[in-house]
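The values are calculated or read from the model by the stated rules, or taken from the named source; none is laboratory data. In this text the structure is predicted, and so the values were computed from the model without any measurement. When we count neighbours, we look across all protein chains shown, and the Cβ atoms used for this are built from the backbone with ideal geometry, even at glycine.
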Amino acid sequence: MKIVTKTTIIEIVVMLLIALIIFLGVHFTLESRLVNGISMWPNLEDGQRVLVCKAAYWFGEPQRGDVVVFYNVLSDKYIIHRIVGLPGEKAEIRDGRVYINDSVLAESYIQGDYLNRAPEIIPAGCYLIVGDNRNAASSDIVPRDKIVGSAFLCYWPLSDWHLVHSYAYY
């Protein structure tokens, strides 16, 4: 019979602490979310799973083109859409096309032309967030504190594993 030594106990405690730190690090920075519906088609499809980086905006602000998960208070659901308007900008959606400060936003990734939204100034601390499939998406003005994080990896189904693309507009 082997005797447990002080060194063995210390090694076990250290390993448990390392495991706890890794668990908490992953828990507070990453989250898995299910894509529900076709509002982000063709870039994300119903039933896919994405990893969301909750730490993405700890040291910076969300940017136009980021695909984000946010909590919608009215529907009491988490939704995945794309940021198209930033705080202080005049935003409008006409026939599925987004206009920022009266200039059309070049969006090569969108589908459909059904969505419309009257011109408005996006309040400070809020973002205009819209799904890529404008025929099946909503447009929402979302406060910063309701944005959970940035979607960055579609990992399920395994046959469709890919990075979730954000777009930069210049």
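Data for the structure
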read-out	value
Boolean, Ser159 is polar (S, T, N, Q) and under 20 Å from Lys90 (Cα atoms)	no
Check on Ala118, under 18 Å from Lys146 (Cβ atoms), in contact with a strand residue (DSSP E or B) (Cβ under 9 Å, 6 or more places away or on another chain) and either free of Cβ contacts under 8 Å to residues at least 24 places away in the same chain or among the small types (Gly, Ala, Ser) (or both)	no
Residue, modelled with the lowest pLDDT, within the stretch 151-166, restricted to residues that are surrounded by 17 or more Cβ atoms within 10 Å (Cβ to Cβ) and not in a strand (DSSP E or B)	Ser166
Matching residues, the stretch 102-122, being surrounded by fewer than 16 Cβ atoms within 10 Å (Cβ to Cβ) and either within 27 Å of Glu31 (Cα to Cα) or in contact with a Pro (Cβ under 7 Å, 6 or more places away or on another chain) (or both)	Tyr109
Residues satisfying the stated conditions in the stretch 123-142, i.e. among the aliphatic types (A, V, I, L, M) and exposed (fewer than 14 other Cβ atoms within 10 Å of the Cβ)	Ala124
